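The structure appears right after this line, and notes come after that.
The values are calculated or read from the model by the stated rules, or taken from the named source; none is laboratory data. Keep in mind that this is a model prediction, so the values were computed, not measured. Note: ideal-geometry Cβ built from the backbone for every residue, glycine included; neighbour counts use all protein chains shown. Ligands, DNA and RNA are stripped out before the accessible areas are found, and what is left, the full protein with its side chains, is counted by its heavy atoms. Shrake-Rupley method; radii C 1.70, N 1.55, O 1.52, S 1.80 Å.
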Amino acid sequence: MRRPGGIGLAILTTLALALSAYGAELKIAYIDVQRILAESERGKAVKREIEKRGAELDKIFRQKKAELQTLREELEKQSALLSEEARKEKEKEYQRKMKELERFVRDSREEIRQMEVEKTTALLKSLEKVVKRIGEEQHYTLILEKQRSFILYAPPELDITDQVIKAFDAAKE
């Protein structure tokens, strides 16, 4: 069984050999994208925005659930007093509202998931521009992402995450 990252290691080795053949300096760094999204002001702002919308939807959910509970209690209290037809009508209304609540929950989850995807995608596109600019300005040969690059070990001095967080927060892109 092959080790994960074996391909990455082969590519790095090939790149290092090719560059050394041309006498170029190999300058490598890595970043932790998850940490950037969690610690940068822009990432925190997106998280707050998503949480705010989640709280709004949760408030609506609680209201709808309370209405449903009230309807259920009314149905139970009035059950003996209502005609068969009226009782069935109230039960139908209760079932309809129950399905509406279930649909609301599904739609709310999908809305939050979609919002997370859209906002994270936009952040990542902006982050990519910042990382590219840092790479070009500081003449990096390669900037890797800590999680996806299967970095099993790298000295901490190669981690430029803090620098990228500062640049990302300062960027208007």
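Key figures
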{"item": "Accessible surface, 1.4 Å probe, highest first, among residues Val130, Val117", "result": "Val117, Val130"}
{"item": "222 nm mean residue ellipticity, helices alone, for the chain (DSSP H n ≥ 4; -39,500 (n - 2.57); rounded to 500)", "result": "-26000 deg cm²/dmol"}
{"item": "Label-to-label distance, nm, for residues given as Gln34 and Glu102 (7 Å Cα→Cβ offset)", "result": "3.5"}
{"item": "Candidates per trypsin sites (Lys or Arg not before Pro) in the range 65-173, loop by DSSP, up to 12 other Cβ within 10 Å", "result": "Arg148, Lys172"}
{"item": "Within the range 53-84: backbone nitrogen closer than 16 Å to the Ile112 label point (7 Å, Cα to C-beta)", "result": "53-65"}
{"item": "Inverse mean reciprocal Cα-Cα distance (Kirkwood Rh) of the range 32-103, Å", "result": "15.2"}
{"item": "Relative pair counts by distance (%), Cα atoms of the range 56-173, 10 Å bins", "result": "11, 24, 16, 13, 12, 11, 9, 3, 0"}
{"item": "Sequence-distant lysines (8 or more away, or on other chains) whose Cα lies within less than 30 Å of Lys132", "result": "Lys27, Lys44, Lys47, Lys119, Lys146, Lys166, Lys172"}
